[in-house]
Amino acid sequence: MEYFLLASFIALFIFIAIDRPIVFIQFKDGELVKKKGKIPHGFLNDCTEINKRTPFNGTIKVYRNRFNPAKLVLSKNIDHKIQQRIKNVFPHKSFK
């Protein structure tokens, strides 16, 4: 019985602790390296255009929450001006 409880606690912890974004985009040296999830076509085009003009390294993640339709999380090594440009083109209504 103790093993079952221990295994269930470990499984619950892993389920909560795993980072599960609905959209993941990674840029490195001015190029799109990895993309995952259902990304709106216009948002992906806008992000690649921003990256062509001012190359950056970093990740863009979108999380779905029970209360908010979508939460945009940008990595810290992206410049603040570029972060603001990405936030401006983010389609909040596409993730409802």
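Selection of segment 27-72 for residues being among the aromatic types (F, W, Y) and within 16 Å of the chain's Cα centre (by Cα) yields F27, F43, F56, Y63.
I want to confirm something. Restricting to segment 19-40 and keeping residues that are open to solvent by 90 Å² or more (accessible area, probe 1.4 Å) and modelled with pLDDT under 90, which single residue is nearest to P91 (Cα to Cα)? Steps first, please.
Our first condition is that a residue be open to solvent by 90 Å² or more (accessible area, probe 1.4 Å); within segment 19-40, this holds for 20, 28-29, 31, 34-36, 38.
Keeping just the survivors that are modelled with pLDDT under 90 gives 20, 29.
Working: R20: 20, D29: 25 Å.
So, considering only residues that are open to solvent by 90 Å² or more (accessible area, probe 1.4 Å) and modelled with pLDDT under 90, the one nearest to P91 (Cα to Cα) is R20.
Touching an Asp or Glu at 6+ places or on another chain (Cβ under 9 Å), modelled with pLDDT of 90 or more and among the charged types (D, E, K, R): does that describe K61?
Numbers: touching an Asp or Glu at 6+ places or on another chain (Cβ under 9 Å): yes; modelled with pLDDT of 90 or more: yes; among the charged types (D, E, K, R): yes.
It is true that K61 is touching an Asp or Glu at 6+ places or on another chain (Cβ under 9 Å), modelled with pLDDT of 90 or more and among the charged types (D, E, K, R).
Checking each residue of segment 2-10 against the condition of being open to solvent by less than 90 Å² (accessible area, probe 1.4 Å) and touching a helix residue (DSSP H, G or I) at 6+ places or on another chain (Cβ under 8 Å) gives no match. Within segment 48-96, if we keep just the residues that are part of a loop (DSSP other than H, G, I, E, B) and among the hydroxyl-bearing types (S, T, Y), the residue that is surrounded by the fewest Cβ atoms within 10 Å (Cβ to Cβ) turns out to be T54.
The values are calculated or read from the model by the stated rules, or taken from the named source; none is laboratory data. Since the model is a prediction, treat every value here as computed from it, not as a measurement. Quick reminder, even Gly has a Cβ in these numbers, built from the backbone with ideal geometry, and neighbours come from all protein chains shown. Note: accessible area is taken over every heavy atom of the protein model, side chains too, but ligands, DNA and RNA are not part of it. Shrake-Rupley method; radii C 1.70, N 1.55, O 1.52, S 1.80 Å.
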